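Heads up: the structure comes next, in structure tokens.
The values are calculated or read from the model by the stated rules, or taken from the named source; none is laboratory data. This is a predicted model, so every value here is computed, not measured. All Cβ positions, glycine included, derive from the backbone under ideal geometry; neighbour counts span all protein chains shown.
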Number of protein chains: 2
Amino acid sequence: MSAIAIDVMGGDFGPSVTVPASLDALQRHPDLQLHLVGDRPHIEEILQDCAGDRALLQRLELVHSESCVSDDDRPVTVLRGKRNSSMYLAVDQVRSGKAAACVSAGNTGALLLTGRHLLRMLPGIRKPAIIATIPVPALDRNCYLLDVGATVHSDGEQLFQFGLMGAVVVASLTGRKCPRVGLLNIGAEEYKGSREIHDAARLFERSGALEYVGFIEGDRLFSGDADVLVCDGFAGNLTIKSSAGVVHAVEQLIHQVAAADPDRSSMAAPLLDAIRQKINPARFNGASLLGLQGIIVKSHGNADREAFTWAIDQAIKEVRNNVPVLIADRIASAFQTTSQTNQE
Amino acid sequence: MSAIAIDVMGGDFGPSVTVPASLDALQRHPDLQLHLVGDRPHIEEILQDCAGDRALLQRLELVHSESCVSDDDRPVTVLRGKRNSSMYLAVDQVRSGKAAACVSAGNTGALLLTGRHLLRMLPGIRKPAIIATIPVPALDRNCYLLDVGATVHSDGEQLFQFGLMGAVVVASLTGRKCPRVGLLNIGAEEYKGSREIHDAARLFERSGALEYVGFIEGDRLFSGDADVLVCDGFAGNLTIKSSAGVVHAVEQLIHQVAAADPDRSSMAAPLLDAIRQKINPARFNGASLLGLQGIIVKSHGNADREAFTWAIDQAIKEVRNNVPVLIADRIASAFQTTSQTNQE
């Protein structure tokens with residue numbers, strides 16, 4: 001397998017999380033090679049502190065970078081003054097073919113801009129999208145939501161393309177052959193919602209290339225009614241963030257209820273654990289940037305060591321399945337079908 | 001105090017909930033008068049079954065209606081074929097001055113259309129909005145979100161007007177003199193979000209008529225950072241529904257965790273109770289339709305007897321504070337300030 005480039009300076013904890021997580025990933029995948037991009041002395045120091053199998057180091061390559069992109073930087077900063085940053089150089093590893101994918105926990109907007117600049121969009125794809133994992137605790141499975149913030153608004157055709165891309169990724173991640181695709185909307189009735197959503201619904205209905213299941217409302221998000229849920233980046237970002245807000249409020253409440261009566265504290269720990277394991281959207285790490293000619297996986301900024309390795313795992317799966325090529329094929333065939341239908 | 005009209009046929013449970021709830025409201029408010037609009041024989045039957053103080057009936061008036069609007073009806077149905085429905089006649093009580101407000105648990109779209117048709121918009125207000133209550137459990141208070149579904153998209157000026165209307169209502173409901181108003185957005189940085197949100201932000205910053213606190217992200221929704229949160233109807237509807245979806249998923253998880261170990265079941269009941277009391281957005285009943293020349297309070301369709309009386313309580317508060325007049329004044333003075341600023 002080819003190498004994966006890691007932007008080790010990204011995220012709230014930087015190398016102290018990303019370097020140990022990278023070693024864990026090497027341990028787990030005997031054919032994996034990693035290129036750690038970041039401040040070389042800092043990385044070497046952490047590597048020395050890490051106990052464990054020294055043989056793993058032979059599958060590590062260090063790429064020194066002079067600067068890093070912070071969360072407060074405007075996205076455009078990375079192209080204007082930070083081409084020597086760990087983020088830029090990690091994505092550039094994919095552009096140059098030295099790595100098959102890149103994983104970063106850094107500034108999402110900057111990562112997206114760097115990806116578009118260095119890797120370019122796939123032919124036919126009009127806008128990139130970020131796909132996030134949504135837990136379906138009752139069924140012990142996941143569904144996937146896109147876009148969660150690559151763009152603000154999208155028209156009907158862009159939403160339709162998000163559905164095609166999402167179905168490819170979900171089939172590749174989960175093995176479900178024909179994922180069910182729904183449109184996130186404010187009502188199930190066909191007249192509800194925006195013009196963009198109605199346009200997208202018509203494209204899904206006509207295409208036949210997907211199992212389209214119609215409109216899904218916000219309160220059915222965690223019900224598993226669809227495998228892929230499509231919306232624009234504003235709606236998607238608001239949805240995952242407000243869901244995380246509710247989970248946080250529930251956690252606070254559990255602490256309050258447990259504190260009021262010591263007998264109850266025996267339940268608080270397993271319950272908080274179950275919530276963290278099964279519901280907290282922040283746990284579901286590894287959001288892919290879709291629509292680019294290359295694989296970029298965005299980890300949450302606050303990912304811990306375990307969560308960051310999940311993001312690396314996701315990159316590995318996408319490399320093995322060659323997701324960008326699958327997306328390009330799906331887009332090409334969907335457009336062929338549409339133009340055939342129009343000619344008939 | 002003038003009367004309040006109740007659409008008794010609306011909601012999932014109709015008169016079996018709305019009639020007993022109306023009697024509870026009469027009990028609680030000795031100067032309240034209610035006009036129950038609905039199927040007279042049905043209402044009389046339920047009134048006979050209700051035990052309690054018969055003197056309350058003297059403050060009840062029955063208004064017979066021939067039909068009712070169902071949740072499956074398209075909103076326009078109420079104007080085309082159902083002008084003899086309980087919903088239409090209840091709103092018409094406000095138009096004719098027989099009632100000072102109307103409460104309905106019926107079809108939201110139909111109620112909004114009937115309100116706009118019979119009561120008309122307040123001068124200067126471009127679009128109506130529905131305001132919902134959001135719990136802030138850590139601070140044991142509420143914040144208020146609008147619009148949660150009266151319109152799909154809104155431009156910057158409409159969002160600004162939602163902020164003005166929301167501040168008036170929240171001051172009137174809570175006694176907070178100068179509620180803090182925020183814009184729900186996908187990032188706190190000023191460049192994040194849509195053009196509409198940036199336009200609204202500029203209007204809030206310039207106006208000086210409000211305590212504007214900037215952008216609030218979805219994960220801070222339940223944190224109490226603002227008293228009034230402004231967004232378009234698509235975002236607001238999605239936010240409250242997906243929040244309700246998370247709460248439901250957590251409730252299911254609590255049942256699962258409790259079932260796995262009988263010792264834990266002692267905590268499950270108080271915890272589920274705390275969640276229902278403090279977090280579940282569905283509990284916070286009584287969403288007002290703002291921007292009309294009259295008071296309409298929309299109860300959740302699935303409101304129980306207690307929840308429906310909260311909606312009546314909200315209507316009483318708005319009548320006492322004369323909310324539509326306060327909104328009209330606030331809008332007029334905001335526009336005066338803006339045009340003065342422009343002339344300077």
Response to the item:
Out of (1) free of Cβ contacts under 8 Å to residues at least 60 places away in the same chain; (2) crowded, with 22+ Cβ neighbours inside 10 Å, the one residue A:87 does not meet is (1)
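For region A:36-78, what are the residues that are under 18 Å from residue A:112 (Cβ atoms) and hydrophobic (A, V, I, L, M, F, W, C)? Outline the logic, then answer.
Taking region A:36-78 and keeping what is under 18 Å from residue A:112 (Cβ atoms), we get A:37, A:68-78.
Selection gives A:37, A:68, A:69, A:76, A:78.
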Worksheet item: Restricting region A:248-281 to residues that are farther than 29 Å from residue A:179 by Cβ and among the small types (Gly, Ala, Ser), which is farthest from the other protein chains (Cβ to nearest Cβ)?
Response: A:259
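Can you tell me which residue is surrounded by the fewest Cβ atoms within 10 Å (Cβ to Cβ) among those in region B:133-151 that are more than 22 Å from residue A:252 (Cα to Cα) and within 13 Å of chain A (Cβ to nearest Cβ)?
B:151
Table: residues versus (1) at pLDDT 90 or above; (2) assigned by TED's automatic domain parsing to the domain that holds residue A:147; (3) of a type outside the set (D, E, K, R).
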residue: A:249; (1), (2), (3): no, yes, yes
residue: A:264; (1), (2), (3): no, yes, no
residue: A:275; (1), (2), (3): no, yes, yes
residue: A:300; (1), (2), (3): no, no, yes
residue: A:316; (1), (2), (3): yes, no, yes
residue: A:322; (1), (2), (3): yes, no, yes
residue: A:328; (1), (2), (3): yes, no, yes
residue: A:336; (1), (2), (3): no, no, yes
Item to complete: Output the residue which, of all residues in region B:177-195 that are closer than 21 Å to residue A:239 by Cβ and surrounded by 18 or more Cβ atoms within 10 Å (Cβ to Cβ), is farthest from the chain's Cα centre (by Cα).
Response: B:192
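I'd like the full set of residues that are assigned to a loop (DSSP other than H, G, I, E, B), at pLDDT 90 or above and surrounded by fewer than 20 Cβ atoms within 10 Å (Cβ to Cβ), limited to region A:152-175. Steps first, please.
So in region A:152-175, the residues assigned to a loop (DSSP other than H, G, I, E, B) come out as A:152-155, A:175.
Right, trim to at pLDDT 90 or above and you get A:152-155.
Listed by number, the residues that qualify are A:152, A:153, A:155.
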Worksheet entry | Sole exception among (1) in a helix (DSSP H, G or I); (2) closer than 22 Å to residue B:123 by Cα; (3) modelled with pLDDT of 90 or more for residue B:205, by number | (2)
Worksheet entry | residue A:100, sole failed condition from (1) without any contact (Cβ under 8 Å) to a residue 60 or more places away in the chain; (2) under 17 Å from the mean Cα position of the chain (by Cα) | (1)
Fill in: Which listed residue is in contact with a strand residue (DSSP E or B) (Cβ under 8 Å, 6 or more places away or on another chain), within 14 Å of chain B (Cβ to nearest Cβ) and either surrounded by fewer than 20 Cβ atoms within 10 Å (Cβ to Cβ) or of a type outside the set (S, T, N, Q) (or both), from A:218, A:214
A:218
Fill in: Residue check, residue B:223 assigned to a helix (DSSP H, G or I) and in contact with a helix residue (DSSP H, G or I) (Cβ under 9 Å, 6 or more places away or on another chain)
no
Practice prompt. Can you give me the number of residues within region B:168-199 that are within 14 Å of chain A (Cβ to nearest Cβ) and of a type outside the set (Val, Ile, Thr)?
Written response: 16
Worksheet item: Restricting to strands (runs of 3 or more DSSP E) lying wholly in region A:1-99: which have 2 or more residues that are closer than 30 Å to residue B:192 by Cβ?
Response: A:3-7, A:33-38
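Take residue A:226 and tell me if it is in contact (Cβ under 8 Å) with a residue 24 or more places away in the chain and assigned by TED's automatic domain parsing to the domain that holds residue A:17.
Working: in contact (Cβ under 8 Å) with a residue 24 or more places away in the chain: yes; assigned by TED's automatic domain parsing to the domain that holds residue A:17: no.
Spelling it out, it is not the case that residue A:226 is in contact (Cβ under 8 Å) with a residue 24 or more places away in the chain and assigned by TED's automatic domain parsing to the domain that holds residue A:17.
Among what's in region A:228-247 and is closer than 22 Å to residue A:168 by Cα and out of contact with any Gly (no Cβ under 7 Å at 6 or more places or on another chain), pick the residue that is nearest to the other protein chains (Cβ to nearest Cβ). Spell out the reasoning first.
Within region A:228-247, the first condition is being closer than 22 Å to residue A:168 by Cα, and the residues that meet it are A:228-233, A:235-237, A:240.
Checking the rest, the ones that are also out of contact with any Gly (no Cβ under 7 Å at 6 or more places or on another chain) come to A:231-232, A:235, A:240.
On the way: A:231: 8, A:232: 9, A:235: 6, A:240: 7 Å.
The residue in question is A:235.
Results for (1) more than 15 Å from residue A:210 (Cα to Cα); (2) within 19 Å of the chain's Cα centre (by Cα), shown as yes or no for each residue.
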site	(1), (2)
A:141	yes, yes
A:157	no, no
A:160	no, yes
A:167	no, yes
Worksheet, complete the sentence: residue A:327 meets each of (1) under 25 Å from residue A:199 (Cβ atoms); (2) more than 9 Å from chain B (Cβ to nearest Cβ); (3) within 13 Å of the chain's Cα centre (by Cα) with one exception, condition (3)
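Can you confirm whether residue A:223 is within 11 Å of another protein chain (Cβ to nearest Cβ), surrounded by fewer than 24 Cβ atoms within 10 Å (Cβ to Cβ) and modelled with pLDDT under 95? Break it down stepwise before answering.
Values: within 11 Å of another protein chain (Cβ to nearest Cβ): yes; surrounded by fewer than 24 Cβ atoms within 10 Å (Cβ to Cβ): yes; modelled with pLDDT under 95: yes.
So residue A:223 fits the description; yes.
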Worksheet item: Of all the helices (runs of 4 or more DSSP H) wholly in region A:229-337, which have at least 2 residues that are closer than 30 Å to residue B:148 by Cα and in contact (Cβ under 8 Å) with a residue 12 or more places away in the chain?
Response: A:233-260, A:265-278
Worksheet item: Pairs under 6 Å by beta carbon, first residue without any contact (Cβ under 8 Å) to a residue 40 or more places away in the chain in region B:26-52, partner loosely packed, with under 13 Cβ neighbours inside 10 Å, six or more apart or different chains?
Response: B:31/B:1
